[in-house]
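One structure, pasted below without further comment.
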Amino acid sequence: MNPSRLALCLALAVSTAGAASFTVKPGSAAVVAGAGAGSRRDVAAFRRGGARAAAAAATAATDDDDKTSLSASTFNLIKACVGSGVLALPAGVAAFADSKAGLLPASALVVGLGVLSAYSFAMLGRLNAAGEKVSTSLGNLWENEIGESSSWLVTLSCLLTPLGAALAFSIMLGDMLSSLAMTVGVKGFMATRQAAILSITSLVLWPLCNLKSLAALAPVSMVAVAGIAATAVFMYQRFTSGAYAAGGVFFDTIASSLQPSFDVIGMTKAYSPSILVLVGMVATAYLAHFTALDFHNNLEDNSMKRFGTLVGLGFAGTALINVAFMAFGFLTFGGNSAGLILNNYSTKDIGATFCRLVTVISLVGSYPIFFKGIKNNYLELTARGKVVTEKMEKNTSRGIILLLTGLALILKNAGFVVGFTGAIMGSAIIYIFPPMLHLASTARRIEAGVLEKTRGVKIERLISRGIIALGAILGVLCGIVAVLDSFFPGAL
């Protein structure tokens, strides 16, 4: 394909990515995602970041009776998956290789785990279709198939997932605002990431998090769309032009630790635990399973064939975008790819300054959305059956903002947060919850005599058990490796 045409196609695909909004349905463990004012959907959602980062997903339906076309649902599914988290993927490759050949196993991982993620996503739609009654959210399906007593697991997931996203947002905001400050000539403490985090939190994020309604943040979706599309084109152009290669116009304007580095360690770590850093990040890149039932319920003529087509197209598009961002960043900076790839680009690069600016606007607008999801799910876990007073809400909000800000001041690597969140929560939501629900649903239907225990059913139940085991192993190992890679790199 012609390179310029590839960039154009990528920009069109990425332009589906927008900001999501979180609210919580009273009495439910679900986080409800919405695309803007007027959206009403009973579904838990998380989107990276965006930041995925950013984070959560939305469908086009604005009324319970409305249905969404296959094409619109496909774009919305891609939007649900793709977020600012794609900006961390180049660092995932750099964790185990600085050879361009490292993109081969990395791309295979992205595509392979994408297939597995698509399978578990489609499984949730199948379970919904086979249920005695329609489920409106992952938490609702869990209650119907497994029971209400353990539904706190889904609520905890709805708490920890946006918590990880909001923390990554704070770190990214600190990095990008610091770079923007240096671009305009600010020096000293006010140009540090610590000053940026404290300033943006106290002056902007905290007031936004106390808004009674988040409807005013809906226009941020368009900024997120433009920002990710522009960043994709920008990264492609800088890679092909060689602007950051040795002798390039921006090579000498960035620190040596951020300059391109290739073939120092080669592929020596390709078969070491270091590759699990990327595995954790990739889980975040496909984390849209809270929205599966919403997509199934709202799809026009939602036969399993059409739903399967939706899942195939949506996850294939997401895989293409993930591989493209990963490739453009890694091929430009190699082993020195930062946890937030925009950190590698020069403060003197006007294109990079624009990308940072629109990304900041997108993250600021999305932060209160995730914050609300954190608060509501925390209160549901800790105050179930109690009256939540205004004082309790305010104290909870203060505690959350202090926790997030404190951690963001300490942690400097957004890639670590993306990878660790993906390792723990991604493994649970993608690889463990859906097959657990499948085992419970098929057992119930076999016992009721509505499902014959054929060889195919037995094989798929075995596959579900295998995926659960894989998810548990990946969750533990990827979490450990993410910590070691960030804090004890010599151990790997």
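From the list Leu180, Leu208, Leu203, pick out the single residue that is within 23 Å of the chain's Cα centre (by Cα) and part of a helix (DSSP H, G or I).
Of the residues listed, the single one that is within 23 Å of the chain's Cα centre (by Cα) and part of a helix (DSSP H, G or I) is Leu208.
Separate question: Out of Leu70, Leu103, report the one residue that is among the aliphatic types (A, V, I, L, M), modelled with pLDDT of 95 or more and open to solvent by 10 Å² or more (accessible area, probe 1.4 Å).
Leu103
If Ser337 satisfies all but one of (1) modelled with pLDDT under 90; (2) in a loop (DSSP other than H, G, I, E, B); (3) under 26 Å from the mean Cα position of the chain (by Cα), what's the number of the condition it fails?
Here Ser337 clears every test but (1).
Restricting to segment 73-88, count the residues that are open to solvent by 30 Å² or more (accessible area, probe 1.4 Å) and either within 29 Å of Asp175 (Cα to Cα) or among the small types (Gly, Ala, Ser) (or both).
1
Give the residue that is surrounded by the most Cβ atoms within 10 Å (Cβ to Cβ), with candidates limited to residues of segment 313-330 that are under 20 Å from Leu70 (Cβ atoms) and touching a helix residue (DSSP H, G or I) at 6+ places or on another chain (Cβ under 7 Å).
Thr318
Only one of Leu127, Leu109, Leu138, Leu113 is hydrophobic (A, V, I, L, M, F, W, C) and surrounded by fewer than 21 Cβ atoms within 10 Å (Cβ to Cβ). Can you tell me which?
That would be Leu109, the only listed residue that is hydrophobic (A, V, I, L, M, F, W, C) and surrounded by fewer than 21 Cβ atoms within 10 Å (Cβ to Cβ).
I would also like to ask the following. Looking at this structure, is Ala245 farther than 25 Å from Val417 by Cα, of a type in the set (A, V, I, L, M, F, W, C) and in contact with a Phe, Trp or Tyr (Cβ under 7 Å, 6 or more places away or on another chain)?
So Ala245 fits the description; yes.
Would you pick out the residues in segment 281-323 that are within 13 Å of the chain's Cα centre (by Cα) and aromatic (Phe, Trp, Tyr)?
Tyr286, Phe290
Quick check on my filter: what residues within segment 237-265 are open to solvent by less than 30 Å² (accessible area, probe 1.4 Å) and within 29 Å of the chain's Cα centre (by Cα)?
Listed by number, the residues that qualify are Tyr244, Ile254, Ser261.
For Thr183, indicate whether it is within 23 Å of Ile341 (Cα to Cα) and crowded, with 17+ Cβ neighbours inside 10 Å.
Here the answer is yes, as Thr183 does meet what is asked.
The values are calculated or read from the model by the stated rules, or taken from the named source; none is laboratory data. What you see is a predicted model; the values in this text were computed from it and never measured. Please note: Cβ atoms are built from the backbone with ideal geometry, for glycine as well, and neighbour counts cover all protein chains shown. Accessible surface is based on the protein model in full, side chains and every heavy atom, while ligands, DNA and RNA are left aside. Shrake-Rupley method; radii C 1.70, N 1.55, O 1.52, S 1.80 Å.
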